[in-house]
Amino acid sequence: MDIVSILIIAGIVILCLLPVVFRSFRSYDKSANDIEPQSPDVAQAIREARKNIDRGKGRYGP
């Protein structure tokens, strides 16, 4: 295989994985929205966890 075909295959694999990556980030927001009517405190905690993960602090702190 030459380099062009390898790059094409790598591009296709990356394009196929993008929805999986974006869905994993949206899952926190969706679960927070689903829980909001029943328990606003839990929904807020989920949103805070998402913000911490986005800042690189991880799920358990820095």
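Evaluate the range 6-24: report whether one residue or more is charged (D, E, K, R), surrounded by 10 or more Cβ atoms within 10 Å (Cβ to Cβ) and either at pLDDT below 75 or touching a His at 6+ places or on another chain (Cβ under 7 Å) (or both).
Filtering the range 6-24 for residues charged (D, E, K, R) gives 23.
After this cut, where a residue has to be surrounded by 10 or more Cβ atoms within 10 Å (Cβ to Cβ) as well, the list is 23.
Within this subset, residues satisfying the condition of being either at pLDDT below 75 or touching a His at 6+ places or on another chain (Cβ under 7 Å) (or both) are 23.
Yes: one or more hits.
Annotation note: Cβ proximity below 8 Å between a residue of the range 45-62 that is within 15 Å of N33 (Cβ to Cβ) and a residue that is part of a loop (DSSP other than H, G, I, E, B) and at pLDDT below 75 (sequence gap 6+ or interchain) occurs for A49/R59. Looking at the range 54-62, is at least one residue at pLDDT below 85 and part of a helix (DSSP H, G or I)? Yes. Among the residues making up the range 1-52, a single one is hydrophobic (A, V, I, L, M, F, W, C) and outside any helix (DSSP H, G or I): M1.
The values are calculated or read from the model by the stated rules, or taken from the named source; none is laboratory data. Bear in mind the structure is a predicted one, so any value in this text is a computation, not a measurement. Methodologically, a virtual Cβ is constructed for each residue, glycine included, from the backbone with ideal geometry; neighbour enumeration extends over all protein chains shown.
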